[in-house]
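Novice: Right, I'll just put the structure down here and ask away after.
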């Protein structure tokens, strides 16, 4: 009887021990699943070779000079006044796309294509000055509106200050760029001296250089989320070799500072 009783206790004890072991393993298994969760939600790799995306730029500096110049000739009676003006008429936003190829964990090469619309108005006004017996007399009033696209192609080498697994990555960049003038158009507006409608005619746009090279330098930072979506903000300085437009007081500036916001994946 005692032997049988010991067997019964042993038979009941084994399932009880197994139940305790299972209860002990359940929290450990749940903890392991919780530990694996963030790794599944954060698939960022150690080193990503290739990325493409869109770019939005804003030029801090003007594209075209603005000015006004007045000169008076005393060779006529009454004297004649000549007024030349230059007036930019287009905002400084640009939009485009870019690619990036990472050579090493902290080194990469970027190539962008950014399109800027450019539009400006130059004018020449000629009038006889006012005298004691007669008011000012308008002799000529002429304006030329020129518009085109600046296509900028900067190619830069980018150096990151930390590794690719960091969420915030500051960097420096530098390289070369090309600027192209595309779709130039111009029209001349001649004001009527009798107060009627102005005469408007299309003319051949005056382009000083339809392409030029330049140097590029920049500084910025990149933010990376859990699925490798990259948001970058970069300030760039560009120095162009030649002016694309040079019409009277209207001159395309060779020094160019721009802020870029990029989204890559």
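The values are calculated or read from the model by the stated rules, or taken from the named source; none is laboratory data. Since this is a predicted model, take the numbers as computed values, not measurements. Cβ placement follows ideal geometry from the backbone for every residue including glycine, while neighbour counts extend to all protein chains displayed.
Novice: Inspect all residues belonging to region 198-220 and state whether any of them is outside any loop (DSSP other than H, G, I, E, B), modelled with pLDDT under 95, in the same structural domain as residue 103 (by TED's automatic domain parsing) and surrounded by 14 or more Cβ atoms within 10 Å (Cβ to Cβ).
Specialist: No, region 198-220 has no match at all.
Novice: Still on this structure: Here is a list: 162, 183. Which entry is assigned to a loop (DSSP other than H, G, I, E, B), surrounded by fewer than 15 Cβ atoms within 10 Å (Cβ to Cβ) and either touching a strand residue (DSSP E or B) at 6+ places or on another chain (Cβ under 9 Å) or not assigned by TED's automatic domain parsing to the domain that holds residue 110 (or both)? Reasoning before the result, please.
Specialist: Values: 183 fails: assigned to a loop (DSSP other than H, G, I, E, B).
It is 162.
Novice: In this structure, does residue 253 turn out to be in contact with a strand residue (DSSP E or B) (Cβ under 8 Å, 6 or more places away or on another chain) and within 28 Å of residue 67 (Cβ to Cβ)? Steps first, please.
Specialist: Numbers: in contact with a strand residue (DSSP E or B) (Cβ under 8 Å, 6 or more places away or on another chain): yes; within 28 Å of residue 67 (Cβ to Cβ): yes.
Judged against the criteria, residue 253 is a match.
Novice: Please give the number of the condition residue 132 fails out of (1) in contact with a strand residue (DSSP E or B) (Cβ under 7 Å, 6 or more places away or on another chain); (2) free of Cβ contacts under 8 Å to residues at least 24 places away in the same chain; (3) over 30 Å from residue 176 (Cβ atoms).
Specialist: Single failed check for residue 132: (1).
Novice: Being out of contact with any helix residue (DSSP H, G or I) (no Cβ under 7 Å at 6 or more places or on another chain), within 28 Å of residue 137 (Cα to Cα) and either surrounded by 11 or more Cβ atoms within 10 Å (Cβ to Cβ) or not assigned by TED's automatic domain parsing to the domain that holds residue 113 (or both), is that true of even one residue in region 53-64?
Specialist: Here is the first cut: in region 53-64, the residues out of contact with any helix residue (DSSP H, G or I) (no Cβ under 7 Å at 6 or more places or on another chain) are 53-64.
Next, only the ones that are within 28 Å of residue 137 (Cα to Cα) stay: none.
No, the conditions are met nowhere in region 53-64.
Novice: Can you name every residue in region 165-180 that is surrounded by fewer than 13 Cβ atoms within 10 Å (Cβ to Cβ) and within 17 Å of residue 235 (Cβ to Cβ)?
Specialist: Quick first cut of region 165-180, residues surrounded by fewer than 13 Cβ atoms within 10 Å (Cβ to Cβ) only: 167-168.
168 - this is the single residue of region 165-180 that is surrounded by fewer than 13 Cβ atoms within 10 Å (Cβ to Cβ) and within 17 Å of residue 235 (Cβ to Cβ).
Novice: Please verify whether region 223-233 includes one or more residues that are assigned by TED's automatic domain parsing to the domain that holds residue 123, over 30 Å from residue 102 (Cβ atoms) and at pLDDT 95 or above. Quick ask: steps written out before the conclusion?
Specialist: From region 223-233, those assigned by TED's automatic domain parsing to the domain that holds residue 123 are 223-233; that's our starting set.
Still in the running and over 30 Å from residue 102 (Cβ atoms): none.
So far as region 223-233 goes, no, none of its residues is assigned by TED's automatic domain parsing to the domain that holds residue 123, over 30 Å from residue 102 (Cβ atoms) and at pLDDT 95 or above.
Novice: Among the residues of region 228-241, is there at least one that is assigned to a strand (DSSP E or B) and either free of Cβ contacts under 8 Å to residues at least 12 places away in the same chain or more than 19 Å from the chain's Cα centre (by Cα) (or both)? So that I can check it myself, show each step before the final result.
Specialist: Filtering region 228-241 down to residues assigned to a strand (DSSP E or B) leaves 230-240.
Okay, now just the ones that are also either free of Cβ contacts under 8 Å to residues at least 12 places away in the same chain or more than 19 Å from the chain's Cα centre (by Cα) (or both), so none.
No, region 228-241 contains no residue that is assigned to a strand (DSSP E or B) and either free of Cβ contacts under 8 Å to residues at least 12 places away in the same chain or more than 19 Å from the chain's Cα centre (by Cα) (or both).
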